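The values are calculated or read from the model by the stated rules, or taken from the named source; none is laboratory data. Just so we're clear, the structure is a prediction, and the values are computed from it rather than from any experiment. Every residue, glycine among them, receives a Cβ derived from its backbone with ideal geometry; neighbour counts consider all protein chains shown.
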Amino acid sequence: MQPNLDAFWMPFTANRDFKQAPRLLSKAKDMHYWTPEGREVLDATAGLWCVNAGHGRPRIVEAIARQAAEMDFAPPFQMGHPLAFELADRLQHLTPPGLNRFFFTNSGSESVETAMKIALAYHRVRGEAQRTRLIGRERGYHGVNFAGTALGGMGPNRKLFGSSVAGVDHLRHTHDLTRNAFTRGQPEHGAELADDLERLVTLHDASTIAAVIVEPMAGSTGVLLPPKGYLERLRAICDKHGILLVFDEVITGFGRLGAPFAAQKYGVVPDMITMAKGITNGTIPMGAVAVRQEIHDTFMQASGPGIELPHGYTYSGHPMACAAALATLDTYAEEDLLTRGTRLHGALEETVHGLRDLPHVVDIRNTGLVAAIEFAPRAGAAPGRRAFEVFLGCFEAGVLVRAAGDNIAIAPPLIVSESQLAQVADTLRRVMSQLT
Ligand code: PMP
């Protein structure tokens, strides 16, 4: 029986349309979802970029159940519990060397908020209280809290809320169909766009800028890979001016690009990494901020007596989230999932680029186990309409892909088989060939 759909105000969803024609999922296992009517749907989006080890993994399910029975909750302020320490200790072997202090949150948005507050506090305790400006990038997505909304670069997500945080500026995005269309892996052109940061330094003075946050690969705005040399250049400019560089790896963390983090894939080490999603395989809400040890240590030394960082959540390092995360990390390690994207990269690349000649396709991009197909907007229609129709058609045909603006994103669980990648491509081909 279908539930009453009225009371739930759904996030990031056209509520009025959805409630006319609801799309419900009620069961999941490994690579598949099932609708309440029992229809099987292949998951080509890892839920929402988070179920990297596939659904319903027994080891994770059992760890959560065990922890719920053993100790459901422990106060995180002035008290601790062993699993949070164990998890932080484990995570430092996955992040780049030096990024080995972890603050726990409950989501990607909270991780972004936390990282920005750490940046401000770090400068302030070192006597640089005037460094308050935060820099994001057009077409960035950093969640929906105030900092993430202000720093994000998606117009529709910002316009209802005014300028929510003062002193925020943006770099230009790097998406360039004229020079880089149909690139496999990193685009050749656009490293010079990192120099936008020098322009902002000239405009505002470096002494006012606290941090720059970018997704090494922008996910939610359509899988925009960093041009060759871009991240390196951003790192160099930040170093020159004492600006902290934050990578938002909420999507790219935990193996999406074929390495544990994009920082390792691209060989550029930021000062902080925000993460969430794959940390618990999407099971229990959790996020974290990895902080460079020198930043942590300098902050601790310069802080006054008592509580150094007056920040944290009731559910920071929640025991069930920690249990889920530890079991998730075991699963990733045992099945070598965090580098599987380097092995399946070629298979995904061949299948998606094979769709290039279908109608209205203007770009295809891919790396690791993520890809996007971009469509020309339909004249006179709502933005993103073609991608949305492809998403609907694929869902009807038993494959879940994601519509993101004019793009279809493909980001399956990292356990995906080559034949399942072929199924995704075949379904896309059938649906896309009908597109008007
Ligand atoms: N940052 C990035 C890069 C994201 O992709 C997301 C979510 N898609 C967030 C932050 C926000 O995460 P959450 O929805 O868990 O708050």
Would it be correct to say that Leu245 is modelled with pLDDT of 95 or more, touching an Asp or Glu at 6+ places or on another chain (Cβ under 6 Å), outside any helix (DSSP H, G or I) and not aromatic (Phe, Trp, Tyr)?
-> yes
Select from the range 256-278 the residues that are part of a helix (DSSP H, G or I) and over 12 Å from Asn52 (Cβ atoms) and list them in ascending order.
-> Ala262, Ala263, Gln264, Lys265, Tyr266
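One line per residue, one yes/no per condition, for (1) in contact with a helix residue (DSSP H, G or I) (Cβ under 9 Å, 6 or more places away or on another chain); (2) in the same structural domain as Pro413 (by TED's automatic domain parsing); (3) within 30 Å of Glu308 (Cα to Cα):
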position: Trp34; (1), (2), (3): no, yes, no
position: Val41; (1), (2), (3): yes, yes, no
position: Ala46; (1), (2), (3): yes, yes, no
position: Trp49; (1), (2), (3): yes, yes, no
position: Leu83; (1), (2), (3): yes, no, yes
position: Leu87; (1), (2), (3): yes, no, yes
position: Thr95; (1), (2), (3): yes, no, yes
position: Ser109; (1), (2), (3): yes, no, yes
Within the range 374-414, the residues that are free of Cβ contacts under 8 Å to residues at least 12 places away in the same chain and at positive phi are Gly380
Any residue in the range 246-257 that's within 21 Å of Ile118 (Cβ to Cβ) and charged (D, E, K, R): show its pairings with residues that are more than 8 Å from the ligand (Cβ to nearest atom) and not in a loop (DSSP other than H, G, I, E, B) at Cβ separation under 7 Å, as long as the two are six or more apart or on different chains.
-> Asp248/Ile213; Asp248/Val214; Glu249/Ala262; Glu249/Ile273; Glu249/Met275
Going by the conditions given, is Leu358 in contact with a Pro (Cβ under 8 Å, 6 or more places away or on another chain) and more than 24 Å from Glu113 (Cα to Cα)?
-> no
Restricting attention to the range 215-251, which residues are in contact with a His (Cβ under 9 Å, 6 or more places away or on another chain) and either within 11 Å of the ligand (Cβ to nearest atom) or closer than 17 Å to Met275 by Cβ (or both)?
-> Glu215, Ala218, Thr221, Leu244, Asp248, Val250
Residue pairs meeting the criteria (Cβ under 6 Å; at least 6 apart or on separate chains; first farther than 17 Å from Asn366 by Cα, in the range 415-426; second small (Gly, Ala, Ser)) | Ile415/Gly54
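Conditions tested, residue by residue: (1) surrounded by fewer than 23 Cβ atoms within 10 Å (Cβ to Cβ); (2) of a type in the set (Phe, Trp, Tyr); (3) assigned to a loop (DSSP other than H, G, I, E, B).
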{"site": "Leu338", "(1), (2), (3)": "no, no, no"}
{"site": "Leu344", "(1), (2), (3)": "yes, no, no"}
{"site": "Leu348", "(1), (2), (3)": "no, no, no"}
{"site": "Leu358", "(1), (2), (3)": "yes, no, yes"}
{"site": "Arg365", "(1), (2), (3)": "no, no, no"}
{"site": "Ala371", "(1), (2), (3)": "no, no, no"}
{"site": "Ala379", "(1), (2), (3)": "yes, no, yes"}
{"site": "Ala382", "(1), (2), (3)": "yes, no, yes"}
Do the conditions hold for Thr208, that is, is it within 11 Å of the ligand (Cβ to nearest atom) and in contact (Cβ under 8 Å) with a residue 60 or more places away in the chain?
-> no
Helices (runs of 4 or more DSSP H) completely within the range 75-169 that count 3 or more residues being loosely packed, with under 14 Cβ neighbours inside 10 Å and away from the ligand (no atom under 11 Å from the Cβ) = 82-91
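Can you find a residue that is assigned to a loop (DSSP other than H, G, I, E, B) and of a type in the set (S, T, N, Q) anywhere in the range 412-420?
For the range 412-420, residues assigned to a loop (DSSP other than H, G, I, E, B) and of a type in the set (S, T, N, Q): present.
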